[in-house]
1. Could you tell me which of rounded, prolate or oblate describes the range 150-190, using a ≥ b ≥ c as the square roots of the eigenvalues of the alpha-carbon gyration tensor, with rounded for a/c under 1.5 and, failing that, prolate when a/b is larger than b/c and oblate otherwise?
2. At 7 Å along Cα-to-Cβ for each site, give me the label-to-label distance between residue 70 and residue 164 in nm.
3. Give the carbon-plus-sulfur fraction of the accessible surface of the range 60-190 in %, rounded to a whole number; probe 1.4 Å, heavy atoms of protein chains only.
4. Provide the FRET efficiency to the nearest 0.05 for the residue 128-residue 96 pair, computing r from the beta carbons and using R0 = 22 Å.
5. What accessible area per residue comes out for the range 145-186, rounded to a whole number of Å², with a 1.4 Å probe?
6. Can you give me the Cα centroid spacing of the range 108-133 and the range 63-97 in angstrom?
7. How long are the three semi-axes of the equivalent ellipsoid of the chain, in whole Å, if each is the root of 5 times an eigenvalue of the C-alpha gyration tensor, listed from largest down?
8. Ordered by packing density, taken as the mean number of other Cβ atoms within 10 Å over each peptide's residues, highest first, how do 119-127, 142-150 rank?
Amino acid sequence: MISVVIPVLNEAETLPALLRALIDEPTNAEIIVVDGGSTDGTADAVARFPVQLVRAPAGRGRQLRAGADVARGDILLFLHADTRFPPGGLQAIETALMRDPEAVGGNFRLLFDGGDAFSAWLNGFYAWIRAHGVYYGDSGIFARRAVHDRIGGMRPLALMEDFEFTRRLERHGPTLCLDQPPLTTSSRRF
(Lines give C-alpha, C1' and ligand atoms only; values in the text may rest on other atoms or scores of the structure.)
Protein backbone atom coordinates (compact mmCIF):
# COMPACT_ATOMS: atom_id res chain seq x y z
CA MET A 1 0.00 0.00 0.00
CA ILE A 2 1.08 3.56 -0.71
CA SER A 3 0.84 6.15 2.05
CA VAL A 4 0.48 9.66 0.64
CA VAL A 5 1.71 12.43 2.96
CA ILE A 6 0.61 15.99 2.20
CA PRO A 7 1.88 18.87 4.36
CA VAL A 8 -0.45 21.86 4.36
CA LEU A 9 -0.70 25.38 5.68
CA ASN A 10 -3.70 27.40 4.54
CA GLU A 11 -4.50 25.28 1.48
CA ALA A 12 -8.31 25.19 1.72
CA GLU A 13 -8.66 26.26 -1.92
CA THR A 14 -6.09 23.99 -3.56
CA LEU A 15 -6.21 20.84 -1.43
CA PRO A 16 -9.68 19.46 -2.34
CA ALA A 17 -8.75 18.92 -6.00
CA LEU A 18 -5.69 16.89 -4.98
CA LEU A 19 -7.63 14.83 -2.46
CA ARG A 20 -10.37 14.09 -5.00
CA ALA A 21 -7.78 12.97 -7.57
CA LEU A 22 -6.10 10.66 -5.06
CA ILE A 23 -9.39 9.17 -3.85
CA ASP A 24 -10.44 8.53 -7.45
CA GLU A 25 -7.30 6.46 -8.08
CA PRO A 26 -8.07 2.75 -8.47
CA THR A 27 -4.98 1.85 -6.42
CA ASN A 28 -5.54 1.56 -2.67
CA ALA A 29 -3.80 4.35 -0.75
CA GLU A 30 -3.68 5.78 2.73
CA ILE A 31 -3.93 9.58 2.52
CA ILE A 32 -2.50 11.64 5.37
CA VAL A 33 -2.86 15.43 5.47
CA VAL A 34 -0.54 17.10 7.98
CA ASP A 35 -1.76 20.55 8.96
CA GLY A 36 0.78 23.01 10.32
CA GLY A 37 -1.77 25.37 11.89
CA SER A 38 -4.01 26.54 9.05
CA THR A 39 -6.42 29.39 9.74
CA ASP A 40 -8.32 29.36 6.44
CA GLY A 41 -10.63 26.37 6.83
CA THR A 42 -8.18 23.74 5.59
CA ALA A 43 -9.22 21.32 8.37
CA ASP A 44 -12.89 21.73 7.36
CA ALA A 45 -11.98 21.00 3.74
CA VAL A 46 -10.09 17.86 4.80
CA ALA A 47 -13.05 16.67 6.91
CA ARG A 48 -15.13 16.25 3.73
CA PHE A 49 -12.83 13.45 2.54
CA PRO A 50 -12.03 9.95 3.87
CA VAL A 51 -8.46 10.87 4.78
CA GLN A 52 -6.48 11.15 8.00
CA LEU A 53 -5.77 14.61 9.41
CA VAL A 54 -2.66 14.99 11.57
CA ARG A 55 -1.65 18.21 13.27
CA ALA A 56 2.00 19.14 13.63
CA PRO A 57 4.08 22.25 14.22
CA ALA A 58 4.40 24.39 11.10
CA GLY A 59 7.34 23.66 8.87
CA ARG A 60 7.29 21.29 5.92
CA GLY A 61 10.10 19.08 7.27
CA ARG A 62 8.34 18.64 10.62
CA GLN A 63 5.01 18.03 8.92
CA LEU A 64 6.42 15.45 6.50
CA ARG A 65 8.08 13.63 9.36
CA ALA A 66 4.87 13.64 11.42
CA GLY A 67 2.94 12.18 8.49
CA ALA A 68 5.53 9.49 7.82
CA ASP A 69 5.53 8.58 11.51
CA VAL A 70 1.85 7.56 11.37
CA ALA A 71 1.89 6.10 7.85
CA ARG A 72 1.34 2.36 7.45
CA GLY A 73 2.22 1.86 3.79
CA ASP A 74 5.27 0.12 2.41
CA ILE A 75 5.71 2.99 -0.05
CA LEU A 76 5.65 6.66 0.99
CA LEU A 77 4.67 9.41 -1.45
CA PHE A 78 5.23 13.03 -0.42
CA LEU A 79 3.06 15.54 -2.29
CA HIS A 80 2.52 19.29 -2.19
CA ALA A 81 -1.07 20.51 -1.83
CA ASP A 82 -0.98 22.44 -5.12
CA THR A 83 -0.08 19.33 -7.13
CA ARG A 84 -2.41 18.11 -9.85
CA PHE A 85 -2.08 14.37 -9.50
CA PRO A 86 -2.41 12.44 -12.75
CA PRO A 87 -4.77 9.51 -13.25
CA GLY A 88 -2.82 6.30 -12.88
CA GLY A 89 -0.04 7.95 -10.87
CA LEU A 90 -0.23 5.59 -7.89
CA GLN A 91 -0.24 2.52 -10.13
CA ALA A 92 2.76 3.94 -12.00
CA ILE A 93 4.73 4.08 -8.73
CA GLU A 94 3.80 0.52 -7.76
CA THR A 95 4.57 -0.85 -11.23
CA ALA A 96 7.92 0.94 -11.48
CA LEU A 97 9.09 -0.26 -8.07
CA MET A 98 7.90 -3.80 -8.78
CA ARG A 99 9.78 -3.85 -12.10
CA ASP A 100 12.96 -2.57 -10.50
CA PRO A 101 13.42 -4.15 -7.07
CA GLU A 102 16.77 -2.39 -6.64
CA ALA A 103 15.18 1.08 -6.93
CA VAL A 104 14.84 2.82 -3.57
CA GLY A 105 12.39 5.49 -4.72
CA GLY A 106 12.21 8.44 -7.05
CA ASN A 107 9.91 11.11 -8.35
CA PHE A 108 7.69 12.13 -11.28
CA ARG A 109 8.56 14.25 -14.29
CA LEU A 110 7.27 17.71 -13.39
CA LEU A 111 5.31 20.19 -15.46
CA PHE A 112 4.22 23.68 -14.42
CA ASP A 113 0.66 24.90 -14.97
CA GLY A 114 1.34 28.40 -16.27
CA GLY A 115 0.92 28.97 -19.98
CA ASP A 116 3.58 31.67 -20.10
CA ALA A 117 7.21 31.66 -21.20
CA PHE A 118 8.49 31.46 -17.62
CA SER A 119 6.49 28.26 -16.95
CA ALA A 120 7.85 26.76 -20.17
CA TRP A 121 11.36 27.66 -19.00
CA LEU A 122 10.67 26.02 -15.62
CA ASN A 123 9.56 22.82 -17.41
CA GLY A 124 12.87 22.68 -19.28
CA PHE A 125 14.95 23.63 -16.24
CA TYR A 126 13.38 20.94 -14.03
CA ALA A 127 13.94 18.31 -16.73
CA TRP A 128 17.58 19.37 -16.94
CA ILE A 129 18.24 19.28 -13.19
CA ARG A 130 16.49 15.89 -12.85
CA ALA A 131 18.69 14.51 -15.61
CA HIS A 132 21.56 15.51 -13.32
CA GLY A 133 20.05 13.71 -10.29
CA VAL A 134 18.52 16.75 -8.58
CA TYR A 135 14.85 16.91 -7.66
CA TYR A 136 12.59 18.50 -5.08
CA GLY A 137 9.29 17.88 -3.33
CA ASP A 138 7.31 19.58 -6.09
CA SER A 139 7.85 16.47 -8.21
CA GLY A 140 6.24 13.97 -5.85
CA ILE A 141 9.06 12.19 -4.06
CA PHE A 142 8.40 8.54 -3.28
CA ALA A 143 10.45 5.99 -1.37
CA ARG A 144 10.21 2.45 -0.18
CA ARG A 145 9.27 2.60 3.50
CA ALA A 146 12.13 0.31 4.56
CA VAL A 147 14.68 2.57 2.85
CA HIS A 148 13.03 5.74 4.19
CA ASP A 149 13.34 4.39 7.72
CA ARG A 150 16.88 3.06 7.21
CA ILE A 151 18.18 6.48 6.13
CA GLY A 152 16.48 8.33 8.97
CA GLY A 153 13.37 9.59 7.18
CA MET A 154 12.53 13.15 6.39
CA ARG A 155 14.43 15.45 8.72
CA PRO A 156 12.52 18.29 10.42
CA LEU A 157 14.54 21.00 8.68
CA ALA A 158 13.22 24.51 8.18
CA LEU A 159 14.32 24.66 4.55
CA MET A 160 15.34 22.26 1.77
CA GLU A 161 14.23 19.16 3.68
CA ASP A 162 13.19 17.56 0.39
CA PHE A 163 16.55 18.13 -1.28
CA GLU A 164 18.43 16.87 1.77
CA PHE A 165 16.25 13.74 1.82
CA THR A 166 16.77 13.02 -1.88
CA ARG A 167 20.55 13.36 -1.47
CA ARG A 168 20.47 10.63 1.19
CA LEU A 169 18.05 8.54 -0.86
CA GLU A 170 20.32 8.72 -3.92
CA ARG A 171 23.25 7.38 -1.89
CA HIS A 172 21.32 4.24 -0.95
CA GLY A 173 20.39 2.95 -4.38
CA PRO A 174 19.08 3.82 -7.80
CA THR A 175 16.08 6.12 -8.09
CA LEU A 176 13.47 6.38 -10.79
CA CYS A 177 11.98 9.36 -12.60
CA LEU A 178 8.51 8.44 -13.84
CA ASP A 179 8.08 10.12 -17.19
CA GLN A 180 4.48 9.05 -17.64
CA PRO A 181 2.26 10.24 -16.20
CA PRO A 182 3.87 13.55 -15.20
CA LEU A 183 2.80 15.63 -12.21
CA THR A 184 1.65 19.18 -12.74
CA THR A 185 2.30 21.78 -10.09
CA SER A 186 1.49 25.43 -9.65
CA SER A 187 3.95 28.01 -10.85
CA ARG A 188 2.52 30.47 -8.27
CA ARG A 189 5.49 30.20 -5.87
CA PHE A 190 8.01 30.78 -8.61
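1. Oblate.
2. 2.3
3. Roughly 57 percent of what the probe reaches on the range 60-190 is carbon or sulfur.
4. According to the calculation, E is roughly 0.50.
5. Working: 2010 Å² over 42 residues.
Spelled out: the 1.4 Å probe surface of the range 145-186, per residue, equals 48 Å².
6. 21
7. On the way: eigenvalues 99, 80, 55 Å².
For the chain, the ellipsoid semi-axes come out as 22, 20, 17 Å.
8. 142-150, 119-127
The values are calculated or read from the model by the stated rules, or taken from the named source; none is laboratory data. Quick caveat: nothing in here was measured; it's all calculated off a predicted structure. Cβ: placed from backbone, ideal geometry, glycine included. Neighbour counts: every protein chain shown. Each accessible area value is taken on the protein alone, full model and side chains, heavy atoms only, with ligands, DNA and RNA left out. Shrake-Rupley method; radii C 1.70, N 1.55, O 1.52, S 1.80 Å.
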